[in-house]
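Input: a single structure, listed below in C-alpha cells.
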Ligand SMILES: [Fe+2]
C-alpha cells in the first residue's frame, strides 16, 4: 500500500518567537531557516525547514507534514482517504509555497490534528550548518524525527484505522506500564520507514495535542552538550538522561518555551520489516529519564564522601 513515506515537517504555534528562536538555535543546535510572515523556520538538515514556528496563542503543534513518495502515491492516498469518508482539501499555491512543497493536501486525524500530505519538500539554498553541533541531526530516510501525540479519549481502534489502514503506518510495539497503583501508561508506536517510530499515541494527562517531538543526533557527545546548554540556560527539564527499551534511544527531555517537550536523542533503533516482531513491553524507560526534582533530592540526600567534613 502506498502511504506516508516520512515525517517531513511540523508546524508549531507559539506565544514567544524570541524564546523559540533561542531554544531552537542556541540550545538544540538547529539552524535558523528564514523569517516568514508570521514567524520563522528551523532547519536540521539540507531541507528548507523541519520546524515551522508561527506566532499565536496555541503553544502547541498545529500541523504535521507527511511526505508521500510521488504524485501518483499522493493521489492514491487522497483517494483512499476520501473513499473512507474523510474530508481532504487540496492546499492552494500560497500554502504550498509557505510549506515549500510541490503539492499539498490537508486533512485531520480522528483527534483533530491537522495532517498535511505533501510531495517534494524543497532543499534549502545553502548546506546545513549548526554553530553548536559536533555532528548533525539524523534525518534522511527516517524523516525529521518522531512525535508522541495525545489520544484525548479517542479509541485506539479509531486512530489506528486512520494511521494504519489509510496512511499506511505499521505497529512497532506497545508499552503498558503501571506508573502507580491504578495509573497506567499505554502507548502504541508506529513506523512508516526504518525509524523505530515516527508517531506514537497515548492517553497522557496533558491538554496539548503533542507530548513531545524527538530530534536525533549523529554524535552522542551532542546529547551531552545540549543537556549542558539547556541546564546552563535553566531551561526546565521533563526528564534527565535515560534510555527507552523499545527504540533504545539514549535521550533527555526538555520543555519547550510552549510547555510541551523535546526529546533530544542518539542511537535510535532501525526497524527491518522483514524480521521485526511486534512486542508489548512493560517499561517506558530502561534506566534514567527521571524527573529532575527526584534526581535533585537524591543527590542532595546523599551523605558527604567518606573523610569529608559535613
Ligand atoms: Fe520519544
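Please treat every number below as a calculation from the coordinates, not as lab data. All of these numbers come straight from a predicted model, not from anything done at the bench. Cβ placement follows ideal geometry from the backbone for every residue including glycine, while neighbour counts extend to all protein chains displayed.
Worth pointing out:
- Viscosity 0.890 mPa s, 25 °C: Kirkwood-radius Stokes-Einstein D of segment 121-211 over Cα pairs, µm²/s: 160
- Measuring spread by the Cα atoms of segment 48-154 yields a radius of gyration and Dmax of 15.4, 48 Å.
- P(r) tail, segment 146-301: Cα-Cα pairs separated by more than 27 Å, 24% of all pairs.
- Theoretical gain in end-to-end length, residue 1 to residue 95 [0.36 nm per residue, Cα-Cα removed]: 31.1 nm
- Using a cutoff of 8 angstrom between alpha carbon atoms and counting only pairs six or more residues apart, the relative contact order for the chain works out to 17 percent.
- log₁₀ of I(q)/I(0) at q = 0.17, 0.19, 0.31 Å⁻¹ - segment 219-266, Debye sum with one point per alpha carbon: -0.45, -0.56, -1.20
- Taking the C-alpha atoms only, the angle from helix 71-83 to the longest principal axis of the chain is near 90 degrees.
- Share of pairwise Cα separations in segment 133-174, more than 13 Å, in percent: 70
- Using only Cα coordinates, the Kirkwood hydrodynamic radius of segment 4-294 works out to 19.2 Å.
- Folded to 0 to 90 degrees: helix 292-301 orientation relative to the chain principal axis, Cα: 10
- For segment 252-303, average projected area of the Cα convex hull in nm²: 6.3
- Shown for 123, 247: other C-beta atoms within 10 Å of each C-beta, ranked fewest to most, produce the order 123, 247.
- Two numbers describe the Cα atoms of segment 156-202: Rg and Dmax, which are 11.9, 36 Å.
- Measuring between their Cα centroids, segment 160-220 and segment 281-300 lie 20 Å from each other.
- Largest GNM mean-square fluctuation across 155, 261, 172, computed for the chain with C-alpha springs under 10 Å, falls on 155.
- Remark: spin-label model distance residue 83-residue 32 equals 4.8 nm, labels positioned 7 Å along the Cα→Cβ axis.
- Relative to the longest principal axis of the Cα atoms of the chain, the long axis of helix 220-232 lies at roughly 70 degrees.
- Each of 195, 290 was scored by other Cβ atoms within 10 Å of its Cβ. Listed from fewest to most, they are 290, 195.
- Hull volume in cubic angstrom per residue (convex hull over the Cα atoms of segment 178-238): 137
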